[in-house]
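Asks: Take a look at this one; I'll ask things after.
The values are calculated or read from the model by the stated rules, or taken from the named source; none is laboratory data. Because the structure is a prediction, the values reported are computed rather than measured. Here the Cβ positions follow ideal geometry from the backbone for every residue, glycine too, while neighbour counts run over all protein chains shown. Side chains are part of the model used for accessible areas, which takes the heavy atoms of the whole protein and leaves out ligands, DNA and RNA. Shrake-Rupley method; radii C 1.70, N 1.55, O 1.52, S 1.80 Å.
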Amino acid sequence: MPVSLEPLDVGVQIPYHFRCPISLELMHDPVTVCTGQTYDRTSIESWVATGNTTCPVTRSPLTDFTLIPNHTLRRLIQEWCVANRSFGVERIPTPKQPADPTMVRNLLHQASSGSAPFGLRLSALRRLRGLARDSDKNRSVIAANNAREILLAITFSDLDLDSDSNSSELSRESLAILSLFSLSEPECMFVAADSGRIGYLVNLLFHSSIDVRVNSAALIEIVVAGLRSPDLRAQISNAHEIFEGIVGILAFPLAYPRALKIGIKALFALCLVKQHRHKAVEAGAVEALIDRLAEFEKCDSERALASVELLCRIPSGCVAFAAHSLTVPLLVKIILKISDRATEYAAGALLSLCSASELTQREAVAAGVLTKLLLLVQSDCTERAKRKAQMLLKLLRDSWPEDSIANSDDFACSDVVPF
């Protein structure tokens with residue numbers, strides 16, 4: 001039962017007809033199927049998504065999968081919630097209804113019609129973007145109507161960035177919608193196989209609007225992540241100034257959470273191509289990563305640290321990270337702080353840096369890395385993280401100070417660190 005309804009166990013019983021027959025919980029978005037039975041939308045959608053084709057209550061075949069909102073029942077549930085507020089019941093919000101498939105088809109037709117007036121096409125795209133942003137369900141409805149193929153055609157219909165033509169505005173509006181969807185591999189290949197399309201997206205990374213820049217970075221990341229061909233991924237990562245554009249988004253001076261999220265996703269995807277990592281270093285990725293590391297959310301922090309470890313595997317990356325005064329203290333601080341993955345990547349980056357420089361070894365010891373590593377090898381962290389920690393401890397053996405905790409009899413580390 002949802003957290004907000006926990007007090008009902010001791011104070012109030014939910015009326016039977018307010019409960020979903022599938023989940024047995026209070027319905028938040030009641031919908032009626034073709035058999036006349038009412039269910040909570042998420043429950044019946046999950047039921048159908050797993051391959052069931054019968055009504056859960058009546059076992060009759062579902063000849064029509066249309067879900068009709070039961071507004072009357074939803075209002076009754078809301079009134080009941082308000083009447084029982086003193087028992088800790090919170091009023092369920094009025095749900096946004098999914099986009100109507102017929103309306104979506106009409107909007108896509110208007111947007112793709114070359115003979116339609118510019119204003120009508122632009123308005124249709126903006127309405128589609130609003131729908132796509134509203135919910136996953138809307139995005140599913142839009143995608144089910146061949147939207148990605150249509151949007152790709154509009155996005156790359158005019159590759160002249162300097163043009164102020166109507167088609168350029170339509171292209172950027174279509175790009176904003178595409179950035180909200182995943183693409184199939186053939187769709188990714190459609191973009192990647194044409195250097196003109198990749199060049200167009202790279203040019204947009206330097207657009208005057210940060211939103212356009214972020215949308216372009218999002219599509220680049222989607223395409224790179226969706227390709228299985230190493231050659232095509234390498235071709236994209238080798239595009240002129242692509243790393244400069246991505247790093248520019250990461251280093252954007254104003255606080256813009258979406259820019260950070262998309263920027264690090266794109267940088268990580270590009271850094272997976274080993275032969276072009278030096279271009280990321282040359283573009284200033286090292287400074288951007290270290291300067292922004294404290295601002296990322298958990299999942300983005302993991303990507304950022306994975307990027308740091310990847311760049312530390314090349315000589316120029318090691319030199320650049322070692323030259324930044326905050327690199328070692330930050331990496332040491334992160335160990336055992338954010339997540340197991342973050343710890344693993346931080347330990348891996350430190351291992352590469354300390355292997356390349358005795359000065360970095362001394363900095364790591366001064367920052368307290370020995371204590372962190374000893375705790376790490378005795379923790380429940382990943383085996384890879386523990387192996388990296390053991391290798392780093394062995395590497396730093398000669399750097400241990402005489403009074404180091406590592407040499408204390410209070411730490412029985414000899415059985416976990418095979419020296």
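Asks: Go through 274/394; 337/388; 261/372 and tell me which ones have a Cα-Cα distance over 24 Å in this structure.
Replies: Numbers: 274/394 27 Å; 337/388 17 Å; 261/372 28 Å.
In this structure, 274/394; 261/372 lie more than 24 Å apart at Cα.
Asks: Would you work out the relative contact order for the chain, in percent, from Cα pairs under 8 angstrom that are 6 or more residues apart? The partial results should precede the final answer.
Replies: Details: 533 pairs, mean separation 30.2, N = 419.
It rounds to 7 percent for the chain.
Asks: Take each of the peptides 53-65, 207-219, average the number of other beta-carbon atoms within 10 Å over its residues, and list them starting from the highest.
Replies: Values: 53-65: 12.8, 207-219: 20.1.
The peptides rank, most packed first, as 207-219, 53-65.
Asks: Moving on. Share of the chain's accessible area from carbon and sulfur, percent, 1.4 Å?
Replies: 52 percent
Asks: Further question: Take the Cα atoms of segment 182-280, find their three principal axes, and give me the spread along each one in whole Å, biggest first.
Replies: If we take the Cα atoms of segment 182-280, the spans are 36, 26, 21 Å.
Asks: While we're looking at this one, here's another question. Among 376, 227, 120, determine the one that fluctuates most according to a GNM of the chain built with springs between C-alpha atoms less than 10 Å apart.
Replies: Sorting by GNM fluctuation, first place goes to 120.
Asks: Between (1) 78, 66, 37; (2) 81, 51, 44; (3) 69, 53, 41, which entry matches Cα extents along the principal axes in Å as derived from the coordinates of this structure?
Replies: Of the listed options (1) 78, 66, 37; (2) 81, 51, 44; (3) 69, 53, 41, (1) comes from this structure.
Asks: Between 302, 45, 241, find the one with the highest GNM mean-square fluctuation for the chain; connect C-alpha pairs within less than 10 Å.
Replies: In the Gaussian network model the winner is 45.
Asks: Once you've got the GNM for the chain with C-alpha springs shorter than 10 Å, pick whichever of 371, 50, 38 has the biggest mean-square fluctuation.
Replies: Top of the fluctuation ranking is 50.
Asks: Let me ask something else. Grab the other residues whose beta carbon is less than 11 angstrom from that of residue 221, score K and R as +1, D and E as -1, and report the net.
Replies: Numbers: positive: 261, 265, 303; negative: none.
Its environment carries a net charge of +3.
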